[in-house]
Amino acid sequence: MNNSPFFLKPTSVQSVMLRVMAALIPGIAAYVWFFGAAILVQLALASVAALAAEALMLSLRGKPLTLFLTDGSALVTAWLIALTFPSIAPWWLTVFATVAAIVIAKHLYGGLGQNPFNPAMVAFALMIVAYPQLMSQWPAAGNHEFAAQLQAIFGTRTIDAIDAMTMATPLDALRTALHSAEAKTTVAGALQSSTASGQFGGKGWEWVGVGYLLGGLWLIQQRIITWHMPAAFIAALFVLAGLFSLVDSTQFAGPMFHLFTGGAMLGAFFIVTDPVSGATTPRGKLIFAAGVGLLTWVIRTFGAYPDGIAFAVLLMNITAPLIDLATQPPVFGHKNDKGQTP
């Protein structure tokens with residue numbers, strides 16, 4: 001019989017990042033199936049931009065290139081940016097956002113492990129504030145014209161032609177309805193029309209969410225992430241949306257709509273769980289992720305932007321040090337504030 005203490009084999013940053021990227025593949029596959037292969041182009045653009053910016057900053061800081069370029073952290077940031085941006089966004093928008101994430105949100109704070117804010121969410125927030133129209137051009141489900149998507153990405157397609165291949169996402173439809181004069185009537189209609197050909201989250205989007213859910217559960221099984229943050233985020237968003245939907249289902253979308261539209265599942269397992277910019281204690285993780293879920297629902301329902309995950313994450317990033325301080329367990333052999341010894 002083995003006795004404690006037990007020593008766990010250390011896991012390298014590269015191993016963790018590679019498994020995170022592998023976990024994203026089911027969601028990416030669903031994305032390609034329903035919305036076309038343009039997302040693969042965006043992933044490639046973001047990856048090249050991230051590695052180039054990473055190499056530049058490492059050289060300027062006198063850091064070893066090979067060690068940090070191969071750890072996979074820049075690529076994970078790049079993939080998250082690409083997956084949160086419209087797949088037919090102009091190439092320069094993706095590149096500019098990725099470079100800003102690596103240079104400003106990561107290296108200006110000291111590099112990997114030092115950044116207080118999630119770099120991918122900083123990039124998203126910057127671009128949706130600066131270029132809201134471009135960040136709202138999402139491809140319609142079933143539109144697999146790869147040549148047309150390439151033309152949209154690289155600027156050889158007219159605005160009218162791009163408009164013809166785009167559609168409002170379910171969250172876009174909901175936000176428009178909430179800000180209309182006949183809100184109660186239009187919200188119900190928007191929810192019904194936006195989820196057409198889908199069970200509850202809009203055609204294609206719910207399957208993308210399921211793909212991220214499967215990848216996230218695999219990360220928990222692999223012990224890359226813990227259950228605390230995904231469970232707290234999903235529970236907070238589900239409960240809050242469910243309560244308000246029970247009060248008035250014509251005015252407020254139900255919990256399943258919120259969970260399987262936008263970036264909810266991507267956020268739950270791949271963004272909120274960032275080990276650097278989030279809380280680190282078990283109780284702190286629950287508080288942090290629940291706060292992100294609450295703020296996401298508030299921004300989606302009452303804010304000016306259709307999906308509030310990026311802003312919710314950044315706001316909670318500010319509180320992470322305080323949450324950790326308040327939830328830090330006492331050191332073994334010492335008493336906490338309540339006079340309890342672990």
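The values are calculated or read from the model by the stated rules, or taken from the named source; none is laboratory data. A quick note: this is a predicted structure, and the numbers were derived from the prediction, not measured. Every residue, glycine as well, gets a Cβ built from its backbone with ideal geometry; the counts of neighbours run over all protein chains shown.
Residue-level analysis places residue 144 outside the set of residues that are free of Cβ contacts under 8 Å to residues at least 60 places away in the same chain and either under 25 Å from residue 308 (Cα atoms) or not assigned by TED's automatic domain parsing to the domain that holds residue 271 (or both). The test for being farther than 27 Å from residue 73 by Cβ, of a type in the set (Gly, Ala, Ser), in contact with a helix residue (DSSP H, G or I) (Cβ under 9 Å, 6 or more places away or on another chain) and at pLDDT below 95 does not hold for residue 147. Checking 16, 20 one by one, the residue that is out of contact with any helix residue (DSSP H, G or I) (no Cβ under 8 Å at 6 or more places or on another chain), touching a residue at least 40 places away in the same chain (Cβ under 8 Å) and over 25 Å from residue 150 (Cα atoms) is 16 and no other. Being closer than 22 Å to residue 207 by Cα and of a type in the set (Phe, Trp, Tyr) holds for only one residue in 288, 270, and it is 270. Comparison of 69, 75, 65 shows that the only residue that is crowded, with 19+ Cβ neighbours inside 10 Å and assigned by TED's automatic domain parsing to the domain that holds residue 147 is 75. Exactly one residue out of 51, 150, 83 is without any contact (Cβ under 8 Å) to a residue 40 or more places away in the chain, of a type in the set (A, V, I, L, M, F, W, C) and in a helix (DSSP H, G or I): that is 51. For the range 118-129, check the following and say yes or no: at least one residue is modelled with pLDDT under 95 and in a loop (DSSP other than H, G, I, E, B). No, the range 118-129 contains no residue that is modelled with pLDDT under 95 and in a loop (DSSP other than H, G, I, E, B).
Taking residue 83 as meeting all but one of (1) modelled with pLDDT under 95; (2) crowded, with 19+ Cβ neighbours inside 10 Å; (3) under 14 Å from residue 50 (Cβ atoms), write down the number of the exception. All conditions are met except number (1).
Taken over the range 268-284, the criterion of being crowded, with 22+ Cβ neighbours inside 10 Å and either of a type in the set (S, T, N, Q) or in contact with a Ser or Thr (Cβ under 9 Å, 6 or more places away or on another chain) (or both) is satisfied by 271, 273, 277, 279, 284. Just to be sure before I move on: is residue 291 without any contact (Cβ under 8 Å) to a residue 24 or more places away in the chain, of a type outside the set (A, V, I, L, M, F, W, C), surrounded by fewer than 24 Cβ atoms within 10 Å (Cβ to Cβ) and in a helix (DSSP H, G or I) in the structure I sent? Spelling it out, it is not the case that residue 291 is without any contact (Cβ under 8 Å) to a residue 24 or more places away in the chain, of a type outside the set (A, V, I, L, M, F, W, C), surrounded by fewer than 24 Cβ atoms within 10 Å (Cβ to Cβ) and in a helix (DSSP H, G or I). Comparison of 209, 202, 215 shows that the only residue that is under 21 Å from residue 304 (Cβ atoms), buried (at least 22 other Cβ atoms within 10 Å of the Cβ) and at pLDDT 60 or above is 202. Answer with yes or no whether residue 304 is under 23 Å from residue 126 (Cβ atoms), in the same structural domain as residue 225 (by TED's automatic domain parsing) and not β-branched (Val, Ile, Thr). Spelling it out, residue 304 is indeed under 23 Å from residue 126 (Cβ atoms), in the same structural domain as residue 225 (by TED's automatic domain parsing) and not β-branched (Val, Ile, Thr). Scanning the range 100-128 for residues that are surrounded by fewer than 17 Cβ atoms within 10 Å (Cβ to Cβ) and either more than 20 Å from residue 61 (Cα to Cα) or of a type outside the set (A, V, I, L, M) (or both) returns 109, 110, 113, 114, 116. Does residue 247 qualify as being of a type in the set (A, V, I, L, M, F, W, C) and either modelled with pLDDT under 95 or surrounded by fewer than 16 Cβ atoms within 10 Å (Cβ to Cβ) (or both)? Yes: the conditions hold for residue 247.
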